[in-house]
Amino acid sequence: MPDEQTLTPQPQVTLTRHDNFESWYSNNIQFKPTEWDLKAIFGEMEPQTDGGVTVQQHTAIVLTWLQAKIMHYFLGVQLGIYELTHGKIPIPQSVMPTEVAPPSGNLDTPDTRQLYEYMKKFREQFIESLKTS
């Protein structure tokens, strides 16, 4: 852990908006990872009369993995603040992240086993975070 005295000071940031800036609503997000970056595709789910759902995708944002990691931190902070002031956000069972199946057969390698264990633990921590104190 770096000593606080060795940290580089943050530069002052001025926010401006591009001429084409738009604000969109999203209740659906898909992720497309690559080795270099993470693409987040935002959309809006629209219920259909036949009981199905259509997702109208409207915006894709590509983030470096560094920015995604920093965003993970700030999303966690924002969610924590919201839940401290408004209570836990209930997650309907219908959208709860499903359990990941353990690797089997020729897919059961040390690497896939480690990935499975990570995803399983991450889901368990997520579910634990939903419990009220």
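Bear in mind these aren't lab numbers, they're just calculated from the coordinates by the rules spelled out. None of the values given here were measured: they were computed from a predicted structure. Cβ placement follows ideal geometry from the backbone for every residue including glycine, while neighbour counts extend to all protein chains displayed.
The base-10 log of I(q)/I(0) for region 23-87, evaluated at q = 0.22 Å⁻¹, reads -0.98 [Debye formula, identical scatterers on Cα atoms, solvent excluded]. Each residue of region 70-75 was assigned a 3J(HN,Hα) from its phi angle through the Karplus curve 6.51 cos²θ - 1.76 cosθ + 1.60 (θ = phi - 60°); the sequence is 5, 5, 4, 4, 5, 5 Hz, with glycine and proline shown as x.
Residue farthest toward the positive end of the dipole of region 1-86, with Cβ of Lys/Arg at +1 and Asp/Glu at -1: which of 55, 75, 86? Of the options given, the answer is 75.
Separation of region 63-133 from region 13-29 is 26 Å, based on Cα centroids.
The value of relative contact order for region 1-116, using C-alpha pairs under 8 Å at least six residues apart, is 13 percent.
Structure shown: which of 88/121; 69/121; 69/131; 32/88; 39/69 lie over 23 Å apart, alpha-carbon to alpha-carbon?
On the way: 88/121 21 Å; 69/121 18 Å; 69/131 25 Å; 32/88 29 Å; 39/69 13 Å.
Check vs 23 Å cut-off fails for 69/131; 32/88.
Ranked from largest, the principal axis spans of the Cα set of region 90-133 equal 40, 21, 8 Å. Averaging the sequence gap over all C-alpha pairs within less than 8 Å and six or more residues apart, then dividing by the number of residues, gives region 50-133 a relative contact order of 27 percent.
From the P(r) of the chain, could you give the percentage of C-alpha pairs in the tail past 19 Å?
Of all Cα-Cα pairs in the chain, 73 percent lie more than 19 Å apart.
When each of the peptides 18-27, 57-66 is scored by how many other beta carbons lie within 10 Å of its residues on average, the order from highest to lowest is 57-66, 18-27.
Here the calculated FRET efficiency for residue 14 and residue 67, from their Cβ-Cβ distance with R0 = 25 Å, stands at 0.85, rounded to the nearest 0.05.
Would you mind working out the magnitude of the charge dipole of the chain relative to its Cα centre, with +1 at each Lys and Arg C-beta and -1 at each Asp and Glu C-beta, to the nearest 20 Debye? Walk me through the intermediate numbers first.
On the way: 10 positive and 16 negative charges, 34 e Å.
That gives the chain a dipole magnitude of about 160 debye.
Using the Karplus relation 6.51 cos²θ - 1.76 cosθ + 1.60 with θ = phi - 60°, the per-residue 3J(HN,Hα) values for region 30-46 come to 10, 10, 10, x, 10, 5, 9, 7, 10, 9, 10, 10, 9, x, 10, 6, 10 Hz, with x marking Gly and Pro.
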